[in-house]
Amino acid sequence: MQLQAACFALFDELPDVVFFCKDAQGRYTHANRTLLLRLGLPAMANLRGMTAAQVFPAQLGGNYLEQDLRVVASRRSVVNELEHHLFPNHSAGWCLTVKHPLLQGSSVSGIVGISRDLKNPSPQNPVYRRLAQTLGYARAHCTDPLTVGALAVHAGLSVAQLERHLMALLQLTPGRWLLSLRLDAAIGMLAGPGSIAQIAADSGFADHSAFARAFRRHVGLTPTQYRQLGPAGGRLGLNP
């Protein structure tokens, strides 16, 4: 128990990592300080026994609880899932989420997981300096039919070299990073009057269906549901 308590205390010192444990019904049993701060709760006693559906807006919380229960039922982990979420200053950002089932004999007693913030790299990083122009080019042209191969050519690297560099710099493959840029562009457009189909095309997706699937998986809502949240939408994405 002392070791367990010490491990939980260590997670309290990680402001860019959300840590949590839940029982087999998806109810919180443990969480670190970062999660409590982002939920605006003073202590674990205010969260213990609650599900994500009870502490997040209904549309989002219900989806998070469904994911928890799928992990329990399937005994399959969610590993480094790219997700849109909430930073402490209430700006929107991206994280990588991991959820593992907790096995107790032949049954699953709950889940344990983390969500790690994806941060912008330091300009002092030598890899960033090497790729700065290419990163800027990708941001400017992410809604065009830009491929990873074309990005590698722009950087003067092979695709494998570009993947290694971006994994070290951004913790994402080039393909997943381009996806996050396109989804960010779409999120911005959803604040305007354009149709979902037009936003799908304008944000660089091949078709409406591909856009809807990607948005639902990584943001947690359909584009229409996200738009219905209004201005608060971009501040409601944490998925622990």
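The values are calculated or read from the model by the stated rules, or taken from the named source; none is laboratory data. Just so we're clear, the structure is a prediction, and the values are computed from it rather than from any experiment. In this analysis, Cβ positions are derived from the backbone assuming ideal geometry, glycine residues included, and neighbour counts consider all displayed protein chains.
Across region 218-235, the qualifying residues are those that are of a type in the set (A, V, I, L, M, F, W, C) and assigned to a helix (DSSP H, G or I), and the one among them that is modelled with the highest pLDDT is V219. Checked against (1) within 22 Å of the chain's Cα centre (by Cα); (2) in a helix (DSSP H, G or I), S122 meets all criteria but (2).
Quick check on C7: is it closer than 28 Å to K119 by Cα and either aromatic (F, W, Y) or in a strand (DSSP E or B) (or both)? The answer is no for C7.
For region 10-23, the candidate set comprises residues that are in a strand (DSSP E or B) and not charged (D, E, K, R); within that set, the residue that is farthest from G62 (Cα to Cα) is V17. The listed residues are G105, G136, and the only one of them that is over 18 Å from the mean Cα position of the chain (by Cα) and on the phi > 0 side of the Ramachandran plot turns out to be G105. Restricting attention to region 40-54, the residues that are crowded, with 19+ Cβ neighbours inside 10 Å and modelled with pLDDT under 95 add up to 1.
Please work out which residue is surrounded by the fewest Cβ atoms within 10 Å (Cβ to Cβ), limiting yourself to region 104-116 and to residues that are touching a strand residue (DSSP E or B) at 6+ places or on another chain (Cβ under 7 Å) and modelled with pLDDT under 95. Across region 104-116, the extreme among qualifying residues is R116. None of L36, L65, L41 is in contact with a strand residue (DSSP E or B) (Cβ under 7 Å, 6 or more places away or on another chain) and either aliphatic (A, V, I, L, M) or outside the structural domain of M167 (by TED's automatic domain parsing) (or both) except L65. When the test is whether a residue is free of Cβ contacts under 8 Å to residues at least 24 places away in the same chain and part of a strand (DSSP E or B), V112 does not pass it.
The set of residues in region 1-33 that are modelled with pLDDT under 90 and touching a strand residue (DSSP E or B) at 6+ places or on another chain (Cβ under 8 Å) contains only F8.
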